[in-house]
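Novice: There's a structure below that I have some questions on.
The values are calculated or read from the model by the stated rules, or taken from the named source; none is laboratory data. This one's a predicted model, so the numbers in the text were calculated from it and none came from an experiment. Cβ placement follows ideal geometry from the backbone for every residue including glycine, while neighbour counts extend to all protein chains displayed.
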Amino acid sequence: MELHQGGRVKSDNRAATVGTERAKSTLRPYFVPRFRAALVLATLLFLNAASLLACPVCDSETGKAVRRGLFSPDFGTNLLLTVLPFPIFLAIIALLYYGPPAFIQRRPPDKADLKAPTR
Amino acid sequence: MNAVTQNFRPLIAAGTLLGIGMGGFVDGIVLHQILQVHNMLSAKLPPNTLANVEINMVWDGIFHAFTWLMTAIGLSMLWKAGQKREVPWSTKTFLGSLLQGWGIFNLVEGIIDHHLLNLHHVVERLGVSIADWLFLAIGGVLFIVLGRALINAGRGGDGPDTHPSPAFSGRA
């Protein structure tokens, strides 16, 4: 009986090990490429951060004037005006992809529409 | 033989969005950077001081960032279209869609930025000029008409974008 129980424990342990291995083999392909991509991105950001330090106008009078002009009270308006055409482009693409909306589409009248109204 | 419904829409939409993105890059690279005839906000902030040049450069950059986004979405749509069996892989339709997209970019951007909002003009020192109207007529309307003609040639006539074709093999 004990042997049998011991055997079951063994087989349970083996099942748990196989489950863990399976979970690892399922998760590894998901996380490893993402971890590598995050590492590459972090490295690129780090290298670019170094170039920010080399900015020739950041502490100059021109740099200050640029920042004043850029982050003026008009910043929101300028941003809105600059990106305004893009939602229109995407709306046109949606129209091309899905076709015109149902309320504009011309369709042949259904049989139900052709039925004479009954009182 | 299975009856498959040909669907040109994914290819036309992807090509058009890529055309919008690449048209934006042509505008930005040729007119803003190489020829320097205008910048994004050059009618509001004339680039006559170094600070104004740099502020315009930032807004040019933001415009280019969104143009890049359009191109990236277009590329993703093209990739997905390529995986669909019912989408015909027609070169004429794709080139027509690119041209149509470029025309749409010029028309929409021209009307909004050059005429309605007066953010900039094609040749800034002239203000609203014949160049703006030619930009709309040739770069906008003509490109769209030529693009539509190529799209129609690619799908064998001026029909709807989706139609059943029993003999269709998936790739033209």
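Novice: Give just the number: which of (1) small (Gly, Ala, Ser); (2) surrounded by 23 or more Cβ atoms within 10 Å (Cβ to Cβ); (3) assigned to a helix (DSSP H, G or I) does B:Ala72 not satisfy?
Specialist: Going through (1) small (Gly, Ala, Ser); (2) surrounded by 23 or more Cβ atoms within 10 Å (Cβ to Cβ); (3) assigned to a helix (DSSP H, G or I) one by one, B:Ala72 breaks only (2).
Novice: Considering segment B:1-26 alone, what residues qualify as being more than 11 Å from every other protein chain (Cβ to nearest Cβ) and within 23 Å of B:Ala72 (Cα to Cα)?
Specialist: Answer for segment B:1-26, where residues must be more than 11 Å from every other protein chain (Cβ to nearest Cβ) and within 23 Å of B:Ala72 (Cα to Cα): B:Met22, B:Phe25, B:Val26.
Novice: Checking the conditions here, which among B:Leu50, B:Leu31 is within 27 Å of A:Arg67 (Cβ to Cβ) and within 12 Å of another protein chain (Cβ to nearest Cβ)?
Specialist: Just one listed residue meets the conditions, B:Leu50.
Novice: Any residue in segment B:104-116 that's farther than 17 Å from B:Val26 by Cα: show its pairings with residues that are at pLDDT 95 or above and part of a helix (DSSP H, G or I) at Cβ separation under 6 Å, as long as the two are six or more apart or on different chains.
Specialist: What qualifies is B:Ile112/A:Pro85.
Novice: If you go through segment B:28-46 one residue at a time, do you hit one that is modelled with pLDDT of 95 or more, surrounded by fewer than 13 Cβ atoms within 10 Å (Cβ to Cβ) and hydroxyl-bearing (Ser, Thr, Tyr)?
Specialist: Checking segment B:28-46: not a single residue is modelled with pLDDT of 95 or more, surrounded by fewer than 13 Cβ atoms within 10 Å (Cβ to Cβ) and hydroxyl-bearing (Ser, Thr, Tyr).
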